[in-house]
1. Taking neighbour Cβ counts within 10 Å as the exposure measure, how do His145, His67 sort from fewest upward?
2. Quote the charge dipole size of region 1-67 about the Cα centre in Debye, to the nearest 20; the model charges only the Cβ of Lys and Arg (+1) and of Asp and Glu (-1).
3. State to the nearest 20 debye the size of the charge dipole of region 132-185 about its Cα centre, where the only charges are +1 on K and R beta carbons and -1 on D and E beta carbons.
4. Could you give each residue of region 133-143 its phi-based ³J(HN,Hα) in whole Hz, using Karplus coefficients 6.51, -1.76, 1.60 with θ = phi - 60°, and x for Gly or Pro?
5. Just want the ordering: Met179, Met149, from fewest to most Cβ atoms lying within 10 Å of their own Cβ.
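Nothing in this text is a laboratory measurement; each read-out follows from the coordinates by a stated rule. Being a predicted model, the structure only gives us computed values, none of them experimental. Don't worry about glycine lacking a Cβ; one is built from the backbone with ideal geometry, like all the others, and counts go over all protein chains shown.
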Amino acid sequence: MDNGFAPREAWPELMTKAQAGDRHAYTQLLRAIVPAIRTLVRRQVSDTVLVEDVIQDVLLTVHRVRHTYDPACPFLPWLMAITQARTVDALRHRGRTLRRETDTEAALVDVAATESAEHQDVQEELKLILDRLPARQREIVEHIHLQEMTLAQAASRHNLTIPAVKSLLHRAITSLRRMGANHDRS
């Protein structure tokens, strides 16, 4: 079957001519080896895009190292070694990239879960501490410091004067500090 490409038997001669500077022979060789490279790569890679990327990488490598080909040796094993090396490199790179992406996603999930658990722990600890205050003091602290009400809003909500709210808030904070100091000593 003549597909317009040079037969494999002609590849060593084409490479020898290419090494001597024959651009036409080099172009013929590159066109002829692409189907062989594609076949070799497809044995290990199923992703069509990656196959084409590896083919391009092999062709660039052949161009870069064409001076290393020894015309006394068979051409196909030389080409196969280059193709195998570039295929393995591409698969390793893809594996590292996928692992990094997976590791990053897993880390983000872990961080979110940890933050959520820590937030839950802080909320529970805060509730335990505030529950130790008298009801009115606790409500004033919750409204002013947790719900960010103004003193006037808290006073209106509890039917108190602003000075009464300030007094309750001061007593609550003093009690909380005392509890914290006692907790630190234990």
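1. His67, His145
2. In total the dipole reaches around 120 debye.
3. Dipole of region 132-185, to the nearest 20 debye: 260 debye.
4. 7, x, 3, 5, 5, 4, 4, 5, 4, 4, 5
5. With the fewest neighbours first, Met179, Met149 line up as Met179, Met149.
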